[in-house]
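Notes for the one structure printed next.
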Amino acid sequence: MPELNETHDPTLTSWIDSANEAEADFPVQNLPLGVYTDPKIGVGKVGIAIGDKILDVTAARAKGVIGGVADDAAGACAGDTLNELMALGGRHWSALRATASRALRDDTEEGEAAQAVADEILLAQAGVAMRLPARIGDYTDFYSSIFHATNVGKMLRPDNPLMPNYKHIPIAYHGRASSIVASGETVKRPVGQTKAPDADHPSFGPSMAFDYETEIGFFVGPGNPLGQPVSMSEAEDHIFGLCILNDWSARDIQAWEYQPLGPFLAKSFASHISPWVVTMEALAPFRCGAYDRPDGDPAPLPYLSSSENEANGGFDVQIEVSIASEQMRDAGTPPQVLAVTNMQHLYWTIFQMLTHHTSNGCNLSPGDMMGTGTISGPTEDALGSVLEITKRGAEPVSLPSGEERRFLADGDELIMRAWCDADGARRIGFGDCRAVIEGA
């Protein structure tokens, strides 16, 4: 687990005023990394978010603002993805963070020097388009919230909601990396084969049960060779950072196709992620214990168990989901919050997920992404999907415009936000993960 250091000091402030606002997602204690399109030359560049600005890492290196022990890490940011930096490992990530922190603070000589060339190393976030932060080679989505699994299971199997293996093994499916897109891009309603309960035959057409899934994604740093598992004690060294993940789902397509091999076309049409990756080191003040399993639940098998994971394997990350229909946006009505949930509700930690993923010798590569699965909490205001909120469409949600939603409609905008807030630490955020739904 990354140790707290001077970069986490909650009293630090930046010479960039917007980073010092109380509710800023990107204060100097955060410093997430992402890739944006340079508006002048139209190519992707690696940047660090600070307030409402972006620090151009390559430009900062050229101006001597970032260098020294961080020079190798800064050099790995010269391309249009974070993959090369992800591959370097924690020592290099930490050096880059420490150097950027000193350059962006208002109490250091490095910060004074950086401010002198601010016009050459900074640009406004509002003026650029964000890209995927990495070249995602593979994507695996887990099913790690016991509340979500139980809620969905009750709809399908009222007398036996959880499958026998759920409390013994982190369940997952291999998703489609090619259809992962960055926040802000639209999502098209998928078409597919469905079968109504009272129909004799299936039909083909637009999904009428379009849904979102509230998740956190995490990126692989250094990979592992084929045939060489990653142990629990090593898992943290292989995770670069976290982002918001919305794994869209077509529930009616899913219900017909998922047996016997699980999700396919109901999920492969699109998944959105937030563009800024919050590093493991930035999240250090917000670590917490793993999910407190009730008495009687089986203990994880030894390969999925460690005292460090029990004590610090969880993350206190709040995730808020809101909706704004087209009618609401036209009227200037603010988005309506549907739910607020938390990563602490995950039955399996991300370290157990990664360890299990590699336990058969499966090789991971820098930039691979994994999802936690839908994160639902134990209360009605902490559910991670419309499927759960509306009880499979039986209890529609009322919107301020007078509209109702059993599932998502064309023109709806779905917005996810995430943040961390704890006593003795500076609040940090993940930014937005948003998309408007287009008709099929």
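Read-outs throughout are calculated quantities, based only on the coordinates presented, and are distinct from any laboratory measurement. None of these values were measured; they are calculated from a predicted model. Note: ideal-geometry Cβ built from the backbone for every residue, glycine included; neighbour counts use all protein chains shown.
DSSP beta bridges confined to the chain are antiparallel in about 90 percent of cases.
Extending 7 Å from Cα along the Cβ direction at SER305 and again at ASP381 yields two label points whose distance is 3.7 nm. Here the extension length gained between CYS362 and THR37 equals 113.6 nm, from 0.36 nm per residue of separation less the Cα-Cα distance. If you run the Gaussian network model on the chain, springs between alpha carbon atoms under 10 Å, then out of TYR303, TYR36, TYR212 the most flexible one is TYR303. Taking amide H positions as modeled 1.01 Å from N, with prolines and chain starts lacking one, the residues under 5 Å from PHE240 and 5 or more places away or on another chain are PHE219, VAL220, GLY221. When the listed pairs LYS53/LYS188; LYS167/LYS195; LYS167/LYS391; LYS154/LYS195; LYS53/LYS267; LYS188/LYS391 are checked against a 27 Å cut-off, the alpha-carbon distance exceeds it for LYS53/LYS188; LYS167/LYS195; LYS53/LYS267. Springs between Cα atoms under 10 Å define the GNM used for the chain, and in it the highest mean-square fluctuation of MET370, MET155, MET232 occurs at MET155.
Taking 0.36 nm per residue of separation and subtracting the current Cα-Cα distance, fully stretching the chain between VAL191 and ASP106 would add 25.3 nm.
Shown is the FRET efficiency for MET155 and LEU261, computed with R0 = 25 Å from the Cβ-Cβ distance and rounded to the nearest 0.05: 0.80. Helix-only estimate, please: 222 nm mean residue ellipticity of the chain, summing -39500 (n - 2.57) across DSSP H runs of length 4 or more and dividing by its residues, to the nearest 500. My calculation for the chain gives -5000 deg cm²/dmol from helical runs alone. Across the range 195-205, computed HN-Hα scalar couplings (Karplus, 6.51 cos²θ - 1.76 cosθ + 1.60, θ = phi - 60°) run 9, 5, x, 9, 8, 7, 9, x, 9, 10, x Hz from first to last residue, x flagging Gly and Pro.
Count charges around SER365 for me, please; just the other residues with Cβ under 11 Å from its Cβ, Lys/Arg as +1, Asp/Glu as -1. Around SER365, the charge tally is -1. Name the most mobile residue of GLY44, GLY361, GLY175, meaning the one with the largest mean-square fluctuation, in a Gaussian network model of the chain with Cα contacts below 10 Å. Between GLY44, GLY361, GLY175, it is GLY361 that shows the largest mean-square fluctuation.
Most tightly packed first, judged by the mean number of other beta-carbon atoms within 10 Å of their residues, the peptides 94-100, 166-172 read 94-100, 166-172.
A crude spin-label estimate for the pair ASP421 and ASP17, with each label 7 Å from Cα along the Cβ direction, gives 2.4 nm. Length available on full extension from ASP200 to ASP297: 0.36 nm per residue minus the Cα-Cα distance, which gives 30.8 nm.
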